[in-house]
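Beneath this line is the structure, given in structure tokens, with notes to follow.
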Amino acid sequence: MSSESILFSEVAEHFEKLEKTQSRLEMIDILEELFNDTPPNSIDKLCYLLLGEIDADFKHIKLGLGEKLVQKGVAKAFSLSNEEVEKLFRETGDLGEAAEVASEKGSKGLKAFTKGERKGLSLKEVHSSFLKIANAEGSGSQDKKLNILAGLLSNSTNKGCRYITRIALSKLRLGVGDMTILDALAETYTGSKDNRPQIEHIYNISSDVGLVAKKVAEDGVSGLDDVGVEIGRPIRMMLAQRLKKLSEIKEKMGGDEFAAEEKYDGERMQIHKDGENVRVFSRRLEEITKQYPDVVEYIKDNVDIDEAIMEGEAVAVQDGELQSFQKLMRRKRKYDIEEFVDKIPVKLFLFDLLYVEGESYLKKSYPKRREKLEQIVDETDNLKFSRRIVTDNLDKIDEFFEESINRGNEGILAKSCDEDSVYRAGAREWLWIKWKKDYTSKLSDTLDLTVVGALAGKGRRSGTYGALLCAAYNHEKDVFETLCKVGTGFTDEDLELLPKKLEEFEIDHKPARVVSEIEPTQWFQPNLVVEVEGAELTKSPVHTAGLDRIEEDKGLAIRFPRYLNLREDKSPDESTTVSELMEMYENQEKI
Ligand code: AMP
């Protein structure tokens, strides 16, 4: 291993291997090989680049390079005309490949621009050039970005050009997920998968895969002890398990008493307050502060301490009535935000507290966290604590559930009040159980599924997709297993919008982390999440969700699946998991 830096040409060779593999295990082997060749002080940069980013996802560093500018960069790097690059782009259908061909072709013109031979770029140089591109602002910034990019391309190998261009366009998409990186880190630096849970825990509280990688590469597992909760760095959110029968809550949760809170149909938010600076993160850990100036004001005006991390759900209200998630989503816009703040006002229901004045609250019990939350926040008409009851009586819970539904909510969230009811960052466990009303079907809930493929449409739908191949997330294996083909429920608007949304995730072979027996017309990298309802879960000889777990050679499928909505607030690893499906299937059998 070189102690200086690894050459980007070597990284690009590995990127190509990652791009081609159809197996997740092979992906981990390739990553291990690459990590072993990378000096620990560059490993963070490598991890960001593997994910097509420059820094931790939540920092949302934008390169600000549009397609036209990247095209110009390729032309400039290789002394080609814009038309020539445009032609290559048309021929290859991918600007990354076009840049690679341009690099092969344009070697002659090169010297004019670089005044020398191509030298091997290091990973560090590539990363720091991208940072400079991101930081270029103000007048003349477009030219500056263009020059840095052209410089990078002209100094890179042909294959390197392919990946530099894709990173520039934010379209790298190697199919490597955070969890795959964590697996490879455990293997490479601790020699065993056994340390994976500890690595994952630190990732869950820091949301920064590069930071975790660097610590573990430099100091092994003990290096992780330095990483704690920090304001401004979102914590991966705790999630709830689901149940079909209310009566099972007690059995699953253990303990005597538990709380039942209203389950709001809004947007989950994690709010970081640092004095007057208030930042809001979504459940995908995107910063959504700009979208919620009203929430920022509620917090500034009514939270009595300087430093806190809180969680709550913002719900649209109209004439005092709580509105649906769909209504709230009309606020998701780049422009006219203030106008929509007035049109669609929100109430914020706070339900958790994760950090106070330098102290992490993650390991404190839910009753302690809630008690402190109530001490530091003054309730107003728009800033409330989640309504709840604490009891051991199931009839009271049932009554509260009815009330919650009547107030326009989705159902209830039961929360353990035990001493060990800690905040489990990033986990979906039995400390929180959601219970929603089963209105329409034998399924106790709608499902959030990741789109992994599409089948061509016929008749009226020819030219668009006839059905989407949807998958559940297998958390243990970090793969996506197919559950259904969804061909109904789409409005005309959906039929227009979905192909546009999906286009950027197209890939010409089965992605490595997808397990499918079905060969769709088009594959997609797992990214887009959709909400689907259905009649029931059945055994299936073609779908792979939970394969062999109920019966040999059989997976699970949904009968009569129907598309409901896009769930862009959810990430693919927040899709319904295979374990949840197994629970749902078993509960169904009991009825
Ligand atoms: P689901 O999205 O169906 O997995 O349900 C979990 C989500 O319910 C959380 O991510 C929150 O957005 C939402 N939620 C609504 N009310 C509450 C509450 N009182 N406590 C925790 N989460 C809640």
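The values are calculated or read from the model by the stated rules, or taken from the named source; none is laboratory data. These numbers come from a predicted model, not from an experiment. Cβ coordinates were reconstructed from backbone atoms using ideal geometry, including for glycine residues, and neighbour counts include every protein chain displayed.
Some notes on this structure:
- If the condition is being under 27 Å from ILE507 (Cα atoms) and buried (at least 22 other Cβ atoms within 10 Å of the Cβ), then segment 31-42 contributes LEU31, LEU34, PHE35.
- Among strands (runs of 3 or more DSSP E) entirely within segment 218-316, having at least 1 residues that are within 16 Å of the ligand (Cβ to nearest atom) and farther than 23 Å from GLU359 by Cα singles out 239-242, 258-263, 267-274.
- Failed condition for ILE397, given (1) surrounded by fewer than 19 Cβ atoms within 10 Å (Cβ to Cβ); (2) modelled with pLDDT under 95; (3) among the β-branched types (Val, Ile, Thr): (1)
- Given (1) in contact (Cβ under 8 Å) with a residue 60 or more places away in the chain; (2) outside any helix (DSSP H, G or I); (3) surrounded by fewer than 17 Cβ atoms within 10 Å (Cβ to Cβ); (4) not β-branched (Val, Ile, Thr), index of the condition GLY138 fails: (1)
- Checked against (1) under 18 Å from LYS252 (Cα atoms); (2) at pLDDT 95 or above, PHE480 passes all but a single condition, namely (1).
- Some residue of segment 15-25 being touching a Gly at 6+ places or on another chain (Cβ under 8 Å), over 22 Å from LYS132 (Cβ atoms), aliphatic (A, V, I, L, M) and part of a helix (DSSP H, G or I): yes
- Where GLU338 falls short, out of the listed (1) touching a helix residue (DSSP H, G or I) at 6+ places or on another chain (Cβ under 8 Å); (2) of a type outside the set (Lys, Arg); (3) at pLDDT 95 or above: (3)
- So GLY463, is it more than 30 Å from PRO367 (Cβ to Cβ), assigned by TED's automatic domain parsing to the domain that holds PRO572 and modelled with pLDDT of 95 or more: no
- GLN326 vs. criteria of a type in the set (S, T, N, Q) and within 16 Å of the ligand (Cβ to nearest atom): yes
Residue-wise test of (1) under 30 Å from LYS20 (Cβ atoms); (2) touching a residue at least 40 places away in the same chain (Cβ under 8 Å); (3) more than 16 Å from the ligand (Cβ to nearest atom); (4) not in a helix (DSSP H, G or I).
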{"position": "LYS501", "(1), (2), (3), (4)": "yes, yes, yes, no"}
{"position": "ALA512", "(1), (2), (3), (4)": "yes, yes, yes, yes"}
{"position": "THR538", "(1), (2), (3), (4)": "no, no, yes, yes"}
{"position": "HIS543", "(1), (2), (3), (4)": "yes, yes, yes, yes"}
{"position": "LEU547", "(1), (2), (3), (4)": "yes, yes, yes, yes"}
{"position": "MET584", "(1), (2), (3), (4)": "no, yes, no, no"}
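- Residue check for GLU307: under 24 Å from ARG370 (Cα atoms), surrounded by 14 or more Cβ atoms within 10 Å (Cβ to Cβ), among the acidic types (Asp, Glu) and assigned by TED's automatic domain parsing to the domain that holds LEU383: yes
- Of the residues making up segment 141-183, not one is at positive phi and in a helix (DSSP H, G or I).
- Candidate set from segment 549-582 (those that are of a type in the set (Ser, Thr, Tyr) and within 16 Å of the ligand (Cβ to nearest atom)); member that is nearest to LEU502 (Cα to Cα): SER571
- Among residues of segment 348-361 that are within 11 Å of the ligand (Cβ to nearest atom), those with a Cβ under 8 angstrom from a residue that is at pLDDT 95 or above and β-branched (Val, Ile, Thr), sequence gap 6+ or separate chain, pair up as PHE349/VAL315; LEU350/VAL377.
- Test: residue in segment 273-286 that is over 23 Å from ARG370 (Cα atoms), surrounded by 18 or more Cβ atoms within 10 Å (Cβ to Cβ) and not basic (Lys, Arg): no
- In segment 417-432 there is at least one residue matching the filter, namely being among the basic types (Lys, Arg), surrounded by 15 or more Cβ atoms within 10 Å (Cβ to Cβ) and either in the same structural domain as LEU362 (by TED's automatic domain parsing) or in a helix (DSSP H, G or I) (or both).
- When each of GLN522, GLN588 is tested for being among the polar types (S, T, N, Q), more than 16 Å from the ligand (Cβ to nearest atom) and either closer than 16 Å to LEU468 by Cα or in contact with a helix residue (DSSP H, G or I) (Cβ under 6 Å, 6 or more places away or on another chain) (or both), the lone residue that passes is GLN522.
- Restricting attention to segment 179-205, the residues that are without any contact (Cβ under 8 Å) to a residue 60 or more places away in the chain and not aliphatic (A, V, I, L, M) add up to 9.
- Single condition ILE412 does not satisfy, out of (1) in a loop (DSSP other than H, G, I, E, B); (2) within 30 Å of the chain's Cα centre (by Cα); (3) within 16 Å of the ligand (Cβ to nearest atom): (1)
- Set SER360, SER386: member being on the phi < 0 side of the Ramachandran plot and either surrounded by 18 or more Cβ atoms within 10 Å (Cβ to Cβ) or of a type outside the set (S, T, N, Q) (or both): SER386
- Subset of segment 266-286 [touching a His at 6+ places or on another chain (Cβ under 9 Å) and modelled with pLDDT under 95]: GLU286
- Scanning segment 43-70 for residues that are on the phi > 0 side of the Ramachandran plot and surrounded by fewer than 17 Cβ atoms within 10 Å (Cβ to Cβ) turns up HIS60, GLY64.
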